[in-house]
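Q: Take this structure first; my questions come after.
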Amino acid sequence: QVQLVESGGGLVQSGGSLRLSCTFSGIIFDIYTTGWYRRAPGKQRELVAVSTSGGSTKYADSVKGRFTISRDNANNTVYLQMNSLKAEDTAVYYCNVKVVHTNYWGQGTQVTVSS
C-alpha cells in the first residue's frame, strides 16, 4: 500500500520561508516523478514543482526563483523549500508521486502566508 505523509506547513509572514517534506512508502519502482501541487481557496489545483528520477525539475512561473524542489531517493522523501513567500502562496499543498500512469497523493498540508 502506497502512503505519502506530508509535514512542514504552517503560518508564516510574507517574505518568510517554509520547507515542506513528504515521505512515501510502498513504491517499488525506481522510476517515478515527485511533485508538489497546491489548491488555493476558490481555485483549481495547480502544479508548483516536479522532479523526475532523471534529475530534471520544472516549476510554475509564479514560484520560479523562490521555491526549490529536491528529493532524497535513499529515504523516499521529497522536499519543497519555499522562500520569499507571498500572500498568494497561501494554499493547501499536496505531495504527488507518479509511477508510470498512476498518481499517488498526500493528505495535504496548509500553508498560510500573512501579509
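The values are calculated or read from the model by the stated rules, or taken from the named source; none is laboratory data. This one's a predicted model, so the numbers in the text were calculated from it and none came from an experiment. Positions of Cβ are backbone-derived with ideal geometry, glycine not excepted, and every protein chain shown enters the neighbour counts. These accessible areas exclude ligands, DNA and RNA; they are computed on the full protein's heavy atoms, side chains included. Shrake-Rupley method; radii C 1.70, N 1.55, O 1.52, S 1.80 Å.
Q: Between the range 73-95 and the range 53-70, what is the separation of their alpha carbon centroids in Å?
A: 10
Q: Then there is this: Mind grabbing the accessible area of Asp30 for me, 1.4 Å probe, Å², rounded to tens?
A: 130
Q: May I ask you to derive the relative contact order of the chain, considering only C-alpha pairs under 8 Å and at least 6 residues apart, and to give it as an integer percent?
A: Answer for the chain is 36 percent.
Q: Measuring with a 1.4 Å probe in the full set of protein chains, what accessible area per residue, in whole Å², belongs to the range 58-115?
A: 51
Q: Further question on the same structure: With the alpha-carbon atoms as the only input, what is the per residue convex hull volume for the chain in Å³?
A: 96
Q: Grab the beta carbon distance between Asp30 and Gln110, set R0 = 30 Å, and tell me the FRET efficiency rounded to 0.05.
A: The computed FRET efficiency comes out at 0.40.
Q: Put +1 on the Cβ of each Lys and Arg and -1 on the Cβ of each Asp and Glu in the chain; which of Ser7, Ser62, Thr109 then has its Cα farthest toward the positive end of the dipole?
A: My answer, from the dipole projection, is Ser62.
Q: If you don't mind, another one. Using just the alpha carbons, could you tell me how many Å³ per residue the convex hull of the range 1-58 encloses?
A: 123
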